[in-house]
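Step one of this worksheet: look at the structure below.
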């Protein structure tokens, strides 16, 4: 009887290990191959900048986006970058303004991580600028993860809580996940 | 230093002897151990309430508009609840004196009335939460008001549950003994604390935002 | 119950005999159920002490890792994130899982024996308190292993531990550990106060209560009034992080300084109720090894009580560098200096006791001498820190790290290691080796000073606290290397100490009833004491019962063993008032503790856990309290109603 | 007499630690030492430290001597020695007089120390602040932002991690925090003061000896709390004015082709999203102002000496030097990176 209990306890701890280990990892040193390849050719600011990743989907989207979206540090960095790079200037804190709302289930250009990645890198009509050359690769993936968490698509244990600022919205970790619905522009 | 002489009774016993056999096996009031346990709990919970009220006034010093951008909580349900709680002191005292007289029938009736009033003020408390006019995540004032009311509500819940369980035990003749009467007396004693601690909290939540408006 | 009605008869007047010890109700069932459900304060106390020392070892291991990382400048041994988790968990384990619980564990074991009681008050609650403490400690260690250990320091300042900058669930695990240790600490405190005030042997009036017991009562009373502050603060931190309240959010009317006020209002008394059990042990050892009662008993008792009160008025000296108003700070300077006086009084009384005593220089007294040296030095650096201008230079530097280790290891660990050697014969029944004892003392004493004295100099040389590394050009390398070497010496001395304990327990010479010739009641019963503590419940005639001619002035007889009868006496004069029938052994406290653990851990992840977990815990607690028909019938038979 | 010998070895062992320790401190090339005062505030505190050390050492030695005498003088006993239980009845008058005397002496010592503390406090508060220089210091996670205030808005300029102050002139700091609690502490100059979000603290000091004094954040603030240093360069008033004047100038127009290319890389890439260089379109305030980066002697809040190869390696992967810092890695092509470093080098 006791060995069954031991095996069960071991299984639970391993499960905990896998989940917790991903959520709470702090990945600082980016390994060389993941380093972003920003070719800031001497184009003026308006022309879109060529990036090797623009053509097809970025290398292994599933593992990259999945890891960012389940990591508390990446989501918190994403929330910081969202405010630092003034995304809230147009999108507010997800409620929308000049830019569309990001915390609802309406997705104009797709809710999958690669879609959001392309939106940020290439920009979109009606005013979304192309940030491809302006934001490093690592930070774009964190931004993608955070944008998905704004509508509750990220796990609530990893999603960021309220920030030490005016109470602008229900914090991401309390946002009910709303299943994304495609909506034509 | 003579070691204890061996006596027929217990090894090491020495005269003069105190015969414990004739001492009573339970006592009421501050002679009983449970009373001291209850006083310990009151000291702890009293300190928690005092500090929560201190936090309320600390937040008051930190804001320049009070209550910040919200209306003060409505008075209605607060007053009704305070009345019910004060009313509940009567059956409570009746249960206590009946227990000390070991009048089982009176204890049972008193406890039933206490339980009815307990569910009454729990229901009214739910309504109180709806008329606080502030959410817990609106601002620091809202958070502290909700924390204060939630703290007291946990006491109402535990006290109601204690009284229900005690009532079930008292209604079962097989489980009635001297200690049960001590338990009823101590439960009443703790009930006084729950009602007494509500009065300052009621004042802080309902009256302070009106008096200290800025 | 006036004096006249106390049934004092001659020895032969007693009618029926005590139940024989064998069918005593105190022993409780054997096997796993007996082990899990015991109400014997000695079994719970022993288990409590061993668990606290295991956490001490875990904390010590983390300290060793820190010293290895800091031994050389710019070391890559441990990264910043791991180091932050290690130093935060080291502090949290040492303060909440070792220092406070070990004092309470010693009290749970020794106070009933010293006051001549048959058991501890509320034994099942104490059992529950132990389980909650154990599960909380295990939760923290598992969290550290799973990379979710706290990483904002042992006092977890907001906003670094707050919702925005406290990333992930780490600060929640810290805050929830506080909930575990507070529940445990408060319950043990209530039961020690009740035991001391209501269950003393007849004749042990308040001025005959041993100094050890006085200190434990003062500690427990401080716990009652201090721990609520951190319970409230940690609950508010969890609600801020989980459901978005704004108590510490400066932008919405809250204040990060509010956390510091609430935390230090608890944490300064906390360092006193870590340090006062140390004084309790010193009073016991000094009396026994100077072969005379401690000089100035009333002075020492009043000093303990004064320390208890004053400790609540000093907390802002942890916040001198913040922008708290200046006038307030000088008040706290005065209060912080004034609290040195009661401790000084006790120190002088002990030195006078030794001066007029006949010194029996054995290992326990060596540790007490080490205590005098280290605590005095730590206390004086404390007075330096109390001065605002000087504190501005040395606050949050290695000078403070040196001070806190001098007062905490000096004040609590030195006497504790001596106390374990002193009471080991009583708890285990065998004595530890004297030569090994002295060797481990000297290794510990020298290792301690080599580790922590250089930190004073590092602090003044500008090395801030909690840095995972430092630059080579800072010049702090050599002193840090010296500290690290000292840390290894401490580790070696503690391993030697453990070896001495294990060897003593297995092959030490059997100790007998009173190996050191002590004067308090625990030395009047067998080693280890039987489940019912005393075969003949003593009636006390003096302050040192075993030393004075009329020290044990009679016995209490006919206190039934089968029904676990316990004598309840009055508060001041300890005149017998009535008997209480104590509960039987039961595993419900263990299961309720498991339910409580599930509730606490689940409420880290979702607030709904409180809604569904509370009824579960309420149900388990009800099963724990629910009287059995057989017991009620038995009680009705033996019942004697009160007048 | 075993205990006499053991006390002597104890004393010898301890004394050697103190000596060894003291020699090491002096060898520090950093100027970060609370005892070597370079300003009136640190001097007052150092003086208070000396008073405290003297009084406490005296009390410590007194207590240890009393303890040693008590141990050595008292006759030896063992566990069988009959306890002196009638000591309870005996009026131990000389002993109580000794204890009362000792308590009075220590209370007097405490009073003396308290007065010294109050005196030092008043001296600190009493510094005259006429003609003071005003600096608003804002703490960020893992760097310091200093804004030199001036009644005329055009004269206001901001820098990071390195403050120049005129010798002999009072400086009034306004301490703010943008994220968590930090603590501003330059030991040679003054004690520390916390920078707390939601609070604005003021802190004034004066440096009398010219020199470069290093300070470090003293309140745990996250992953890189250990690398959040700042330098205070105290120089003659005219030298300070020249420095300030240079700081007010925008960045010079790059002349050489590679520096021009470096600037374009800076503006077209991710740098401009966080850093500001006045004289260009980059004006983000989320990271240190780089207008006069080359005039500073260290990079990344005192972590690296400001040399081109350090700058290049820092830009390429900041996480290698400060893991957890908010600056992302940049894999720029070699010629872009080299041009960028060249341009940043021109920002004197």
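The values are calculated or read from the model by the stated rules, or taken from the named source; none is laboratory data. It should be emphasised that the depicted structure is a prediction, and the values quoted were computed from it without experimental measurement. Ideal geometry is used to build each Cβ from the backbone, glycine not excepted, and the neighbour counts take in all protein chains shown.
Number of residues in segment C:607-639 that are more than 32 Å from the chain's Cα centre (by Cα) and touching a residue at least 60 places away in the same chain (Cβ under 8 Å): the value is 3. Has segment C:256-271 got any residue that is in a helix (DSSP H, G or I) and facing chain D (nearest Cβ under 8 Å)? The answer is yes; a qualifying residue exists.
Being in a helix (DSSP H, G or I) and farther than 27 Å from residue A:163 by Cβ holds for only one residue in D:214, D:242, and it is D:242. For segment B:100-144, the set of residues classified as within 24 Å of the chain's Cα centre (by Cα) and part of a loop (DSSP other than H, G, I, E, B) consists of B:102, B:103, B:132, listed by residue number. Of the residues making up segment C:486-521, those that are within 14 Å of another protein chain (Cβ to nearest Cβ) and farther than 16 Å from residue C:441 by Cα are C:509, C:511, C:512, C:513, C:514, C:515, C:516, C:517, C:518, C:519, C:520, C:521. Within segment C:585-605, being touching a residue at least 24 places away in the same chain (Cβ under 8 Å) and either surrounded by fewer than 17 Cβ atoms within 10 Å (Cβ to Cβ) or within 12 Å of another protein chain (Cβ to nearest Cβ) (or both) holds for C:594, C:601, C:604, C:605.
When segment B:58-92 is limited to residues that are farther than 23 Å from residue B:119 by Cβ and without any contact (Cβ under 8 Å) to a residue 60 or more places away in the chain, the one that is surrounded by the most Cβ atoms within 10 Å (Cβ to Cβ) turns out to be B:58.
So that you can scan it fast, the table gives a plain yes or no per residue for (1) in the same structural domain as residue C:119 (by TED's automatic domain parsing); (2) at pLDDT below 95; (3) under 23 Å from residue B:16 (Cα atoms):
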{"site": "C:496", "(1), (2), (3)": "no, no, no"}
{"site": "C:501", "(1), (2), (3)": "no, no, no"}
{"site": "C:513", "(1), (2), (3)": "no, yes, no"}
{"site": "C:517", "(1), (2), (3)": "no, yes, no"}
{"site": "C:526", "(1), (2), (3)": "no, yes, yes"}
{"site": "C:530", "(1), (2), (3)": "no, yes, no"}
{"site": "C:533", "(1), (2), (3)": "no, yes, yes"}
{"site": "C:536", "(1), (2), (3)": "no, yes, yes"}
{"site": "C:545", "(1), (2), (3)": "no, yes, yes"}
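Counted as qualifying within segment D:254-332 are the helices (runs of 4 or more DSSP H) with 3 or more residues that are free of Cβ contacts under 8 Å to residues at least 12 places away in the same chain and more than 27 Å from residue A:130 (Cβ to Cβ), namely D:308-316. Within segment C:552-562, the set of residues being touching a helix residue (DSSP H, G or I) at 6+ places or on another chain (Cβ under 8 Å) and buried (at least 21 other Cβ atoms within 10 Å of the Cβ) comprises C:552, C:556, C:557, C:558, C:559. Please go through segment D:333-348 and give me each residue that is in a loop (DSSP other than H, G, I, E, B) and away from chain A (no Cβ under 13 Å), ordered by number. Once the filter is applied, which keeps residues that are in a loop (DSSP other than H, G, I, E, B) and away from chain A (no Cβ under 13 Å), segment D:333-348 yields D:346, D:347, D:348. Surrounded by 24 or more Cβ atoms within 10 Å (Cβ to Cβ) and within 14 Å of chain B (Cβ to nearest Cβ), is that true of residue C:159? Taking the combined requirement at face value, the residue satisfies it. Considering segment D:69-121, and only residues there that are surrounded by fewer than 17 Cβ atoms within 10 Å (Cβ to Cβ) and within 30 Å of residue D:190 (Cβ to Cβ), the residue that is nearest to the other protein chains (Cβ to nearest Cβ) turns out to be D:118.
With the requirement that a residue be under 30 Å from residue C:638 (Cα atoms), in a loop (DSSP other than H, G, I, E, B) and under 32 Å from the mean Cα position of the chain (by Cα), what does segment C:543-562 give you? Within segment C:543-562, C:559, C:561 meet the criteria. Quick test for you: out of C:406, C:468, pick the one residue that is closer than 30 Å to residue D:217 by Cα, within 12 Å of chain D (Cβ to nearest Cβ) and not in a helix (DSSP H, G or I). Answer to the selection: C:468.
Scanning segment C:352-361 for residues that are in a helix (DSSP H, G or I), within 8 Å of another protein chain (Cβ to nearest Cβ) and surrounded by 23 or more Cβ atoms within 10 Å (Cβ to Cβ) gives C:352, C:354.
Here the condition is being over 30 Å from residue C:241 (Cα atoms), out of contact with any strand residue (DSSP E or B) (no Cβ under 9 Å at 6 or more places or on another chain) and at pLDDT 65 or above; of A:103, A:1, A:98, it holds for A:98 alone.
Answer yes or no: is there a residue in segment D:219-231 that is touching a residue at least 40 places away in the same chain (Cβ under 8 Å), surrounded by 23 or more Cβ atoms within 10 Å (Cβ to Cβ) and more than 11 Å from chain C (Cβ to nearest Cβ). For segment D:219-231, residues touching a residue at least 40 places away in the same chain (Cβ under 8 Å), surrounded by 23 or more Cβ atoms within 10 Å (Cβ to Cβ) and more than 11 Å from chain C (Cβ to nearest Cβ): present. Return yes or no: is residue C:208 more than 14 Å from chain B (Cβ to nearest Cβ) and in contact with a strand residue (DSSP E or B) (Cβ under 8 Å, 6 or more places away or on another chain)? So residue C:208 fits the description; yes. No other residue among C:298, C:364, C:342, C:293 is in a loop (DSSP other than H, G, I, E, B) and farther than 17 Å from residue C:387 by Cβ apart from C:293. Within segment C:527-544, the set of residues being within 10 Å of another protein chain (Cβ to nearest Cβ) and more than 18 Å from residue C:565 (Cβ to Cβ) comprises C:542, C:543, C:544. Of all residues in segment D:181-191, at least one satisfies being touching a helix residue (DSSP H, G or I) at 6+ places or on another chain (Cβ under 9 Å), within 14 Å of another protein chain (Cβ to nearest Cβ) and within 29 Å of residue B:63 (Cβ to Cβ).
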